[in-house]
1. Report the calculated FRET efficiency for A:D557 and A:A288 (r = Cβ-Cβ distance, R0 = 41 Å), to the nearest 0.05.
2. Of A:M228, A:H28, A:Q275, which is farthest on the positive side of the dipole of the protein assembly as shown, counting Cα position, with +1 on Lys and Arg Cβ, -1 on Asp and Glu Cβ, and the Cα centre as origin?
3. Full-extension gain between A:K448 and A:H425, please, as 0.36 nm times their residue separation minus the C-alpha to C-alpha distance.
4. Can you tell me the FRET efficiency between A:D389 and A:K544 if r is taken as the Cβ-Cβ distance and R0 is 30 Å, rounded to the nearest 0.05?
5. Per-residue HN-Hα couplings for segment B:22-30, Karplus 6.51 cos²θ - 1.76 cosθ + 1.60 at θ = phi - 60°, whole Hz, x for Gly and Pro?
6. Anything over 31 Å Cα to Cα? Flag those among A:K448/A:K500; A:K182/B:K30; A:K449/A:K563, in the order listed.
7. Non-local amide H neighbours of A:T336 (under 5 Å, H modeled in plane, Pro and chain starts lacking H): which ones?
8. In whole Hz and in residue order, list the ³J(HN,Hα) couplings for segment B:60-75 that follow from phi through the Karplus curve 6.51 cos²θ - 1.76 cosθ + 1.60, θ = phi - 60°; x for Gly and Pro.
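Derivation of every value follows stated rules applied to the coordinates shown; laboratory data play no part. Note that the coordinates shown come from a computational prediction; the quantities given were computed from them, not determined experimentally. A quick note on method: Cβ atoms are made from the backbone with ideal geometry, for glycine too, and the neighbour counts reach across all protein chains shown.
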Amino acid sequence: MTPVTTFFSRLQHLYETDPERTAIIWMHAREPEHPMTRRDLIRQAAGYAAALAAAGVRPGEVVILILQHSESLAAAFFGAVLHGAIPSIMPFLTEKLAPDSYRRSLKSLFEVTHPAAVVTYPEFAAELQDAIPAGGSVRSVLLSSEVAPVPEPDFPALRGSERLPGDVVLLQHSSGTTGLQKGVALSHEAVFRQLASYGKAIRLAPDDVVVSWLPLYHDMGLIAGFLMPLLSGIPLVLMSPFDWVRAPYKLMQAVSQHRGTLTWLPNFAFNFCAQKIRDRNLEGVDLASWRAVINCSEPMHYQSHRLFYERFRAHGLRESALATSYAMAENVFAVTQGGIDRAVTVDTISQRGLLIDRVARAAADGEETMRMLSCGAPLPNVEVRVVDDARGDLPERHLGEVMLRSDCMLTGYYRRDDLTEKAFHNGWYLTGDLGYMADGEVYITGRKKDLIIVGGKNVYPQDLESLASEVPGIHPGRVVAFGVYNEEMGTEEVVIVAEKDAEAEYPAGAGPEALSNEIRARVTRGSDIALRQVAVVERGWLLKTSSGKIARSANRDKFLAGKAVTAGG
Amino acid sequence: MSDDIEAKVSEYIAGTILKQPDRAIDPQEKLISSGLIDSFHLVDLSLYVEDTFGVHLDDTELNAESFDTLAALAAIIRSRQ
């Protein structure tokens with residue numbers, strides 16, 4: 001049975017049944033951990049609901065949240081829900097991101113989503129005012145410092161009570177100028193159907209404890225590491241990604257201390273934890289309570305699981321805890337789940353078979369093999385098909401594009417019916433991911449689209465290319481950005497190849513390095529993505545397609561082949 | 001002695017973090033706020049400093065307010081040796 005309800009009624013139910021129960025244990029660096037009860041959370045949320053109402057925000061309107069990973073963010077999110085508005089969480093401005101690029105991102109977000117209000121922190125208010133276009137949709141900017149909790153929420157009077165299960169409850173964006181044009185709009189019922197189905201797949205139980213450091217502006221953090229535990233009434237231990245990346249051992253200590261059972265991590269985090277934690281930070285740490293550490297949101301690697309298990313087995317990590325999932329915001333979150341009732345299936349196949357024949361078959365004599373981690377079986381409410389370019393079904397083990405259909409799909413890309421229509425084929429969502437099916441399980445091998453995934457974050461190459469094109473001396477438009485897998489890090493790194501203007505002279509005493517340094521600086525400040533390699537090449541180096549477009553994959557191959565030659569010679 | 005610290009850290013940043021061994025790091029060049037060293041490599045830098053100079057950098061110090069240049073990082077290392 002699918003429970004049809006709304007976020008509002010679930011929040012009211014949680015508040016009325018056990019208000020003193022801990023909802024979130026916050027772990028902030030430099031502060032003692034701070035338990036937040038359901039009552040604290042909902043009273044603070046009701047404060048935001050009152051502030052939004054006072055600001056004239058109407059139910060059904062979008063509210064953008066630009067807040068640090070904190071109590072205020074959680075309260076503002078649920079506050080928007082209590083008022084019946086549609087929250088959307090944006091990453092906040094980091095110190096290295098250039099304000100003008102951030103302003104441009106916000107502008108493109110505002111143009112598409114037409115938010116009625118923005119909630120932010122006082123230090124960001126001035127910056128934000130500059131980004132809000134005059135005469136635009138934004139009528140109000142609320143500061144987190146000026147919102148006080150409400151002593152006793154009056155549920156019937158709150159406008160969120162009017163929302164229906166089929167209404168849109170939240171928007172979720174991926175990053176960059178391109179990502180911000182595509183707000184995934186999800187309904188209450190889609191989220192609850194996902195939670196019901198996914199909860200069964202991972203055997204979610206009242207004694208579970210979720211431990212997470214994932215950002216809430218991404219589907220894995222928002223759904224698995226925030227909404228699922230909160231709406232299911234399961235305790236959540238939450239630290240910020242900013243703190244975790246500087247002290248990865250805190251994840252292990254938190255699991256040990258709070259007897260954590262479930263954690264979701266992008267693939268690179270398995271390598272990162274295995275490589276960057278000192279023994280002294282693991283003294284007394286016991287990870288035996290972890291029943292599932294779920295690899296999700298970027299291509300998964302067998303070697304990353306091995307590294308992680310070998311590093312932490314002496315601290316009680318169970319091998320059976322290693323798990324996998326294939327997920328996307330368009331399906332709310334999970335499409336598949338593997339590694340819960342039995343170990344993740346490892347499919348050893350021929351590399352040549354996959355790359356040349358496009359079939360995941362056993363290796364013949366002398367062929368290189370590769371180990372594929374299974375993403376597991378589709379959730380009970382999700383159907384998966386693998387199709388060829390003509391959208392015809394492919395046999396088992398043949399590589400093609402993954403399509404899916406479920407009862408928990410997005411309502412649409414918010415105010416972008418054109419994109420929504422393009423994303424579906426006869427009611428099936430085209431994921432753009434390449435993969436195959438074997439024995440009822442899904443394997444993802446790559447992507448059809450030129451998307452780069454760095455540390456679990458989706459990066460659109462065109463955004464980086466346009467930033468690099470702005471560098472004086474670089475020929476505009478003659479730039480490609482692509483990802484290259486780094487085995488040590490367990491994730492992709494971004495490479496940019498840019499053609500120098502034929503006429504451009506290098507500054508006195510400087511070579512291509514001066515231009516490549518400038519590209520690095522611009523791209524990082526414009527996108528928050530650090531580039532691993534930048535190659536400045538002479539005019540004419542980049543390969544074009546017959547229609548004159550620069551082909552990313554062909555240039556990626558040329559770049560890698562050239563590097564191999566250099567390295568060999 | 002001080003030049004030695006800066007030279008070693010510079011070599012580590014250029015060679016291991018940036019993978020550009022020939023690149024020179026200016027002592028006053030912004031490292032963190034410029035994004036030259038991304039957040040994924042801050043832990044590497046602190047592990048390197050501890051292993052090489054025996055100086056502990058707390059994880060709450062791994063930000064541009066504590067040190068944003070080679071000169072500032074070298075000063076922290078010297079003050080704790």
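1. 0.35
2. About the Cα centre, the residue reaching furthest to the positive side is A:M228.
3. Gain on extension, A:K448 to A:H425, equals 6.7 nm.
4. Calculated value: 0.85.
5. Listing the rounded values in order: 8, 6, 8, 9, 6, x, 9, 5, 6 Hz.
6. Pairs exceeding the cut-off: A:K182/B:K30.
7. Long-range HN contacts for A:T336: A:Y326, A:L379.
8. 6, 9, 7, 7, 5, 5, 6, 7, 10, 9, 4, 4, 5, 5, 4, 5
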